[in-house]
Each structure stands twice: as structure tokens, then as C-alpha cells.
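The values are calculated or read from the model by the stated rules, or taken from the named source; none is laboratory data. Quick caveat, the model's predicted, so the values are computed rather than measured. Virtual Cβ from ideal backbone geometry, glycine too; neighbours counted across all protein chains shown. For the accessible areas, the whole protein counts, side chains as well, though only heavy atoms, and no ligand, DNA or RNA atoms are used. Shrake-Rupley method; radii C 1.70, N 1.55, O 1.52, S 1.80 Å.
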Amino acid sequence: LPAAVLLKDTKLMDVKLGQLGSWLAMRDFTPSGILGAVRRGYDRYYNKYINVRKGGIGGVSMVLAGYIVLSYMWSYSHI
């Protein structure tokens with residue numbers, strides 16, 4: 001496979017700094033291309049954090065920690 005095909009399919013986090021200009025030139029900056037990228041990003045976020053098969057203690061502990069910090073800020077607003 002040619003290097004250009006591999007570079008086009010490469011994720012942004014895997015692109016080297018010297019290849020960044022070429023990688024950006026291969027992106028689709030039309031409105032439909034940008035909308036597709038936003039949709040793919042939302043789908044990846046949704047499937048990773050929202051639509052999980054088995055929930056764990058992590059989500060509950062983050063909500064609890066947020067409540068504790070917010071409660072502390074309300075109680076000690078003079079600080």
C-alpha cells in the first residue's frame with residue numbers, strides 16, 4: 001500500500017509532527033465532511049462513556065466526588 005493511503009487513514013494522535021501538513025491536506029473540510037467527523041467523534045464518545053455494557057464504580061464515584069466538592073463550596077463560600 002502507498003504511504004499516502006496509510007497516512008489518510010491514520011488517526012490524528014498517530015500522525016508525526018512532520019506529516020501533519022500532509023495529513024491536514026487530505027482531510028475533507030466540506031460541510032458534510034465536518035459534520036461526518038463530528039458525528040464519528042460523538043459516536044466514539046457515546047460508545048466509550050455512555051453506552052457501556054457493564055457499569056462500574058467509577059461513574060458513581062465521580063458523581064459522589066463532584067457532589068462533595070460542590071457541597072464543600074456551598075458550605076464554605078467565605079473562603
Checklist entry - What number comes out for the charge environment of residue 37, summing +1 per Lys or Arg and -1 per Asp or Glu over other residues with Cβ under 13 Å away? => result +3
Item to check | Calculated [θ] (222 nm, deg cm²/dmol) that DSSP helices of n ≥ 4 give over the chain, each run adding -39,500 (n - 2.57) | outcome: -18000 deg cm²/dmol
Checklist outcome for this item: Of the candidate values [x] 40; [y] 66; [z] 63, the one computed for percent of Cα pairs over 18 Å apart from this structure is [y]
Checklist entry - Helix 57-75: angle to the longest alpha-carbon principal axis of the chain, degrees 0 to 90, nearest 10? => result 50
Checklist entry - Tell me, what % of the accessible area of the chain is carbon and sulfur with a 1.4 angstrom probe? => result 65
Next on the checklist: Tell me the angle of helix 31-45 to the major Cα principal axis of the chain, expressed in degrees between 0 and 90 and rounded to the nearest ten.
Outcome noted: 50
Item to check | Residue-level accessible surface for residue 75, protein heavy atoms, 1.4 Å, Å² | outcome: 80
